[in-house]
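Worksheet: the structure to be examined is printed underneath.
Only the coordinates and a few stated rules stand behind these numbers; no lab work does. What you see is a predicted model; the values in this text were computed from it and never measured. Cβ: placed from backbone, ideal geometry, glycine included. Neighbour counts: every protein chain shown.
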Amino acid sequence: MKALIQRVRGARVEVAGEIVGAIDQGLLALVGIEPQDDAASIAKGLHKLLNYRVFSDANGKMNLSLKDVQGGLLLVSQFTLAADTKSGLRPSFSSAAPPALGAALFEQLVERARQQHPQVATGRFGADMQVHLVNDGPVTFLLES
């Protein structure tokens, strides 16, 4: 699992003009599922999402996690993160999980996140989504599990 996380002051996802998920301060996580991913990699990825220290403490140091600041988590499926871009000028998506596996594992991630964190919102798997955010920093990291 790959997750491109962005620390945000706020973010929302729209599908056909309807807001389907929104958070205030927290993390926007664009999530790519790969064929080798399983329950263990989803659990490890979620642990990183909730505990990665990207928020500033009183001294301005990145020492606080999403759990520490009680921020929102907006999970958005994005199979393009798993693209192979090493050669040529067109991405190959053979390294992304098939849609059925990707959907099942993304749903597992969402369910586990909601069990462990009070503020979880999502986009809509497989939909044409418009993601709006106010990046805080900007602070962006690629997490892999």
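When the P(r) is computed for segment 90-143, the part past 17 Å accounts for 61% of the Cα-Cα pairs. Reducing segment 118-144 and segment 49-94 to their Cα centroids gives an inter-centroid distance of 8 Å. Ranked by how many other Cβ atoms sit within 10 Å of their own Cβ, fewest first, the residues ASP136, ASP84, ASP128 fall in the order ASP128, ASP84, ASP136. Considering only alpha-carbon pairs that sit under 8 angstrom and 6 or more positions apart, the relative contact order computed for the chain is 39 percent. When Rg and the Kirkwood radius Rh are both evaluated on Cα atoms of the chain, their ratio Rg/Rh stands at 0.97. Taking the C-alpha atoms only, the angle from helix 99-116 to the longest principal axis of the chain is near 20 degrees.
Length gained on full extension, ALA83 to GLU18: 20.6 nm, using 0.36 nm per residue less the C-alpha separation.
So for segment 2-135: antiparallel DSSP bridges make up what percent, rounded to the nearest 5?
Details: 22 of 31 bridges.
Given both bridge residues lie in segment 2-135, the antiparallel proportion sits at roughly 70 percent.
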